[in-house]
Amino acid sequence: MNIIVCGKVIPASSVTIEIDPNTKRMVRRGAPHELDPAAASALEEGLRLTEKHGGAVTIVTMGISDATIGIRNALAMGANSAIHILDDALVGSDALGTAKALAAAIKKEPFDLIICASESSDSYSGIVPGQLARLLGVPPLTFAKEIAVEGNKITIKRQSESGYDVVEAELPALVAVTSGINEPRYPQLKGIMGAKKKEIKKYTAQDLGLGPEQVGASGARERVLTIGRPPARQGGKVVTDEGDGGIKIADFLAELKVI
Ligand SMILES: Cc1cc2nc3c(=O)[nH]c(=O)nc-3n(C[C@H](O)[C@H](O)[C@H](O)COP(=O)(O)OP(=O)(O)OC[C@H]3O[C@@H](n4cnc5c(N)ncnc54)[C@H](O)[C@@H]3O)c2cc1C
């Protein structure tokens, strides 16, 4: 089974993210980067599936040159090969531009299954997986908290508000996993050493047949109009228990229409 994992490499969680006031975009260059923990979960799922059914996992990332560290980490975890979509012409791409670049790179590979995280940990729009499935013409199975593959059939438990739904599709398909689906493995020394020898294919926008009308700032259909801090939290309501604390809490929750 050939599995492609789409994994974003993002500014490390220890870094305070800065927004450029002119472009209203995240300042990525120069910030220490890491493989998105959500992408690590998607990769872990891919590795477990190939350990069970055989096959290979390729990690695909679109990002600046600082993303290499996260790609190496994915290879050290066990990905067999990697694709880095790297080109200044792609800077400023919105979600659809990102999905177009990922789809064009994936189409160059044989694939049975694509695994994404439901949302990234930095921009978390959560729209790339659906766009990608549409561009590749494969069914999207989203919010997967469990995946099973049998022959040509994939079955997921799709997280819902009340529990889960069982969703099935035929391969090839795309699955977007929830962040709690697994505990990603830590790379071992052997994996870290082996990662140095593994291939990282590099593609530019031109290699992928994408022009400025499709990707980059000029191809972006989304515009960030304004950025601001969320409103300050209101003070909480203090309930003094005078023997009727439970009733007061229940009344309060009923007022909020929670119960
Ligand atoms: C006007 C505009 C300009 C922007 N300019 C830039 C820019 O210059 N540089 C930049 O990095 N971002 C830029 N962004 C943000 C960029 O659009 C998002 O990072 C990108 O579209 C992915 O969105 P997301 O992280 O919200 O994806 P989500 O939909 O939350 O991601 C879900 C999953 O899709 C996959 N995925 C998403 N992005 C990637 C990726 N890059 N590589 C591999 N897999 C991926 C992963 O599996 C991820 O977990 C810009 C956004 C806007 C609106």
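The values are calculated or read from the model by the stated rules, or taken from the named source; none is laboratory data. What you see is a predicted model; the values in this text were computed from it and never measured. Using ideal geometry, Cβ is built from the backbone for each residue, glycine included, and neighbour counts are taken over all protein chains shown.
Assorted remarks:
- Arg158 satisfies every condition listed in (1) touching a strand residue (DSSP E or B) at 6+ places or on another chain (Cβ under 6 Å); (2) without any contact (Cβ under 8 Å) to a residue 24 or more places away in the chain; (3) at positive phi; (4) not β-branched (Val, Ile, Thr) except (3).
- Scanning segment 169-187 for residues that are modelled with pLDDT under 95 and either farther than 24 Å from Tyr124 by Cβ or of a type in the set (D, E, K, R) (or both) yields a total of 0.
- Of the residues in segment 82-102, none is hydroxyl-bearing (Ser, Thr, Tyr), closer than 19 Å to Val177 by Cβ, at pLDDT below 95 and near the ligand (Cβ under 6 Å from one of its atoms).
- If the condition is being under 21 Å from Ser179 (Cβ atoms) and either surrounded by fewer than 12 Cβ atoms within 10 Å (Cβ to Cβ) or within 11 Å of the ligand (Cβ to nearest atom) (or both), then segment 16-31 contributes only Met26.
- Lone qualifier among Glu119, Glu146 - being buried (at least 19 other Cβ atoms within 10 Å of the Cβ), of a type in the set (D, E, K, R) and in contact with a helix residue (DSSP H, G or I) (Cβ under 8 Å, 6 or more places away or on another chain): Glu119
- When Gly63, Gly54 are checked against the criterion of being under 17 Å from Val128 (Cα atoms), without any contact (Cβ under 8 Å) to a residue 60 or more places away in the chain and surrounded by fewer than 24 Cβ atoms within 10 Å (Cβ to Cβ), a single residue qualifies: Gly63.
- Within segment 152-190, the residues that satisfy the criterion of being in a strand (DSSP E or B), closer than 20 Å to Met1 by Cα and of a type outside the set (A, V, I, L, M, F, W, C) are Lys153, Thr155, Glu168, Glu170.
- Within segment 32-51, the set of residues being of a type in the set (D, E, K, R) and loosely packed, with under 12 Cβ neighbours inside 10 Å comprises just one member, Glu51.
- Residues of segment 1-22 that turn out to be in a loop (DSSP other than H, G, I, E, B) and in contact with a Gly (Cβ under 8 Å, 6 or more places away or on another chain), as a count: 3
- Check on Asn152, more than 10 Å from the ligand (Cβ to nearest atom) and either among the hydroxyl-bearing types (Ser, Thr, Tyr) or touching a Pro at 6+ places or on another chain (Cβ under 8 Å) (or both): no
- Restricted to segment 129-149, and to residues there that are in a strand (DSSP E or B) and among the aliphatic types (A, V, I, L, M), the residue that is nearest to Leu171 (Cα to Cα) is Val149.
- For segment 222-238, the condition of being part of a loop (DSSP other than H, G, I, E, B), in contact with a helix residue (DSSP H, G or I) (Cβ under 9 Å, 6 or more places away or on another chain) and within 16 Å of the ligand (Cβ to nearest atom) holds for at least one residue.
- Within segment 231-246, tally of residues that are of a type in the set (A, V, I, L, M) and either touching a Gly at 6+ places or on another chain (Cβ under 6 Å) or surrounded by 11 or more Cβ atoms within 10 Å (Cβ to Cβ) (or both): 1
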